[in-house]
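A short write-up of the structure that comes next.
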Amino acid sequence: MRKIIVQEFLTLDGVMQAPGGPKEDISGGFQYGGWVAPYFNAEPDPAFDAIMQTWMQPSDILLGKNTFQIFESYWPTHTEDWPGINDVNKYVLSTSLEHSDWQNTLFLKSIDEIIKLKASGEGDIRVYGSAAVVQALFKYELVDELCLLTFPIILGVGKRLFSHESIPAAFQLIDHLVSSNGIVFTHYQRAGEVKTGTIRE
């Protein structure tokens with residue numbers, strides 16, 4: 001069984017839309033695209049840089065249509081910043097896309113195909129961005145690990161990581177780090193069902 005690892009840039013209020021640039025995703029009238037840029041353009045932080053190297057280690061990836069199109073337009077010719085990205089399998093969940101010139105791109109039409117993919121083969125599958133895909137993965141309990149980079153801002157609007165359709169699930173913190181400019185890295189793994197009770201009873 002392959003692990004699905006969701007890796008996201010996140011605001012304090014859970015927004016994940018268009019972290020990389022103003023025109024990345026303006027759907028819904030979103031006006032705050034590029035909200036991670038001031039932090040990436042700040043003074044280098046060796047610990048944070050090490051996390052980003054781990055974040056971008058070669059691994060098969062799963063993307064939604066919009067995130068794939070952003071990646072497809074940039075990464076094939078910028079492999080010096082992401083070694084191996086052209087070589088890994090890139091699975092795209094889309095009902096409209098069927099072809100790409102980016103090598104090793106495979107298109108999936110339904111969540112059932114993701115379930116089959118998870119049950120076959122070896123190696124982790126990492127998910128970047130792709131809000132609708134991530135919410136579907138939570139709905140069908142397919143997320144094994146969460147790697148989050150939480151930035152110290154609140155936006156109030158935008159696509160969020162979790163939806164009301166997420167299945168309740170417990171996670172265990174297995175790694176964390178705080179950068180010099182306030183970015184909090186947290187790495188969680190699935191830890192069974194949610195437990196409830198009464199405090200101090």
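Fewest first, what order do Val178, Val143, Val133 take by the number of other Cβ atoms within 10 Å? Working shown, then result.
On the way: Val178 14, Val143 22, Val133 26.
Fewest-to-most ranking of Val178, Val143, Val133: Val178, Val143, Val133.
Please give me, ordered by residue number, the trypsin sites (Lys or Arg not before Pro) of the range 1-77 that lie in loop per DSSP and have at most 12 other Cβ atoms within 10 Å.
Here the sparse-neighbourhood loop sites are Lys23.
Report the label-to-label distance for Leu97 and Ser110 in nanometres (one decimal), using points 7 Å from each Cα along the Cα→Cβ vector.
That separation, rounded to one decimal, is 2.1 nm.
Please identify every one of the GluC sites (Glu not before Pro) in the range 1-89 that sits in a loop by DSSP and has no more than 10 other beta carbons within 10 Å of its own beta carbon.
Values: sites: Glu8, Glu24, Glu72, Glu80; in loops: Glu24, Glu80.
The qualifying sites are Glu80.
Taking the Cα centre of the chain as origin, work out the dipole magnitude from +1 charges on Lys and Arg Cβ and -1 charges on Asp and Glu Cβ, in debye rounded to 20.
Details: 15 positive and 25 negative charges, 119 e Å.
Approximately 580 debye in magnitude.
Cross-link partners among lysines for Lys90, C-alpha distance below 28 Å, same-chain residues fewer than 8 apart left out?
The reachable lysines, counting only those whose Cα sits under 28 Å from Lys90, are Lys3, Lys23, Lys65, Lys109, Lys116, Lys118, Lys139, Lys159.
At a 10 Å Cβ-Cβ cut-off, how would you order Thr11, Thr105, Thr54, fewest neighbours first?
Listed from fewest to most nearby Cβ atoms, that is Thr54, Thr105, Thr11.
Do the sum for the chain: with -39,500 (n - 2.57) for every DSSP H run of n ≥ 4, divided by all residues, what is the mean residue ellipticity at 222 nm, to the nearest 500 deg cm²/dmol?
It lands at -5500 deg cm²/dmol.
Lys/Arg Cβ at +1, Asp/Glu Cβ at -1, dipole of the chain taken about the Cα centre: which of Ala119, Ile5, Gly197 is farthest positive-ward?
In the chain, that residue is Gly197.
What are the ³J(HN,Hα) couplings of the range 7-17, residue after residue, when phi is run through the Karplus curve with 6.51, -1.76, 1.60 and θ = phi - 60°? Round to Hz, x for glycine and proline.
10, 9, 8, 9, 8, 4, 9, x, 7, 10, 6
Using Cβ counts within 10 Å as a stand-in for footprinting exposure, how do Met52, Met16, Met1 rank, fewest first?
Placing the least packed residue first, the sequence is Met1, Met52, Met16.
What is the sum of charges around Ala169, taking Lys and Arg as +1, Asp and Glu as -1, for the other residues whose C-beta is under 10 Å from the C-beta of Ala169?
Charge balance in the 10 Å sphere: -1.
Read-outs throughout are calculated quantities, based only on the coordinates presented, and are distinct from any laboratory measurement. Just so you know, these numbers come straight off a predicted model, no measurement behind them. Don't worry about glycine lacking a Cβ; one is built from the backbone with ideal geometry, like all the others, and counts go over all protein chains shown.
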